[in-house]
Amino acid sequence: MKQRISALDLQLLTVELRDSIESYRLNNIYNIADSNRQFLLKFNKPDSKVNVVVDCGLKIHMTGFTRPTPPVPSGFVVKLRKHLKSKRLTAIRQVSNDRIIVFQFAEGKFYLVLEFFSAGNVILLDEDFRILSLQRIVKEHENKVGEKYEMYDTSLFTQ
């Protein structure tokens, strides 16, 4: 069984996600019960609901099933909720031939970066691509809160 997601896999998943959830509102974000590296994003429109499960560094998929969630969210999820809850998902892009997907919310007011290389990461950016919050700190990339995220060209969303 395949353990890692490839850039090609991510390219196909990005198209599927774009077709399925772009223009939906992010209803809420949850940790998944047995892991601090898995997240459940609940999207909805007036007559449609879609759940997206993100497993840092490993996979992302849509599901109709709910997952058990802990009674109290982690600090990272609280931060994500503060900025993204009830925002419209306006675009989804894959960084060219890389294992990074970027969700754009509220016409570029916020970005949620999902990295699928190494152990993965989830990063929240503001409209100036400054880091608001990181799921985990990676010393090799030297990403820190308040600094500009430079793993992709900002013209990604002007195409």
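Among the residues of the range 1-16, which ones are of a type outside the set (Val, Ile, Thr) and either open to solvent by less than 10 Å² (accessible area, probe 1.4 Å) or free of Cβ contacts under 8 Å to residues at least 24 places away in the same chain (or both)?
Answer for the range 1-16, where residues must be of a type outside the set (Val, Ile, Thr) and either open to solvent by less than 10 Å² (accessible area, probe 1.4 Å) or free of Cβ contacts under 8 Å to residues at least 24 places away in the same chain (or both): 1, 2, 8, 9, 10, 12.
Would you mind finding the one in 138, 122 that is among the β-branched types (Val, Ile, Thr) and either more than 16 Å from the chain's Cα centre (by Cα) or at pLDDT 95 or above (or both)?
Sole residue among the options that is among the β-branched types (Val, Ile, Thr) and either more than 16 Å from the chain's Cα centre (by Cα) or at pLDDT 95 or above (or both): 138.
If you take the residues of the range 1-40 that are in contact with a helix residue (DSSP H, G or I) (Cβ under 9 Å, 6 or more places away or on another chain) and in a strand (DSSP E or B), which of them is farthest from residue 73 (Cα to Cα)?
For the range 1-40, the residue satisfying everything is 26.
Only residues in the range 49-65 that are at negative phi count as the first member; pair them with residues that are of a type in the set (D, E, K, R) and outside any strand (DSSP E or B), Cβ under 8 angstrom, at least 6 apart or cross-chain, and list the lot.
51/67; 53/67; 56/136; 58/4; 62/16
If you take the residues in the range 58-95 that are under 16 Å from residue 15 (Cα atoms) and among the hydrophobic types (A, V, I, L, M, F, W, C), which one is surrounded by the fewest Cβ atoms within 10 Å (Cβ to Cβ)?
Selected residue: 62.
Looking for whichever is of a type in the set (Asp, Glu) and surrounded by 16 or more Cβ atoms within 10 Å (Cβ to Cβ) here; the options are 55, 19. Which one fits?
Every option except 55 fails the conditions.
Being out of contact with any Ser or Thr (no Cβ under 6 Å at 6 or more places or on another chain) and over 16 Å from residue 149 (Cβ atoms) narrows it down to one residue among 27, 51; which is it?
Testing whether each residue is out of contact with any Ser or Thr (no Cβ under 6 Å at 6 or more places or on another chain) and over 16 Å from residue 149 (Cβ atoms) leaves just 27.
Criterion first (farther than 20 Å from residue 157 by Cβ and loosely packed, with under 13 Cβ neighbours inside 10 Å) does residue 35 satisfy it?
Against the criterion (farther than 20 Å from residue 157 by Cβ and loosely packed, with under 13 Cβ neighbours inside 10 Å), residue 35 qualifies.
Quick check on my filter: what residues within the range 96-138 are part of a loop (DSSP other than H, G, I, E, B), open to solvent by 30 Å² or more (accessible area, probe 1.4 Å) and over 17 Å from residue 56 (Cα atoms)?
Once the filter is applied, which keeps residues that are part of a loop (DSSP other than H, G, I, E, B), open to solvent by 30 Å² or more (accessible area, probe 1.4 Å) and over 17 Å from residue 56 (Cα atoms), the range 96-138 yields 96, 97, 109, 127, 128.
Take the range 69-94 and flag every residue that is part of a loop (DSSP other than H, G, I, E, B), closer than 30 Å to residue 7 by Cβ and small (Gly, Ala, Ser).
74
The values are calculated or read from the model by the stated rules, or taken from the named source; none is laboratory data. Just so it is clear, the structure is predicted and the values come from calculations on it, not from any experiment. Positions of Cβ are backbone-derived with ideal geometry, glycine not excepted, and every protein chain shown enters the neighbour counts. We work out accessible area using only protein heavy atoms, side chains counted, and drop any ligands, DNA or RNA first. Shrake-Rupley method; radii C 1.70, N 1.55, O 1.52, S 1.80 Å.
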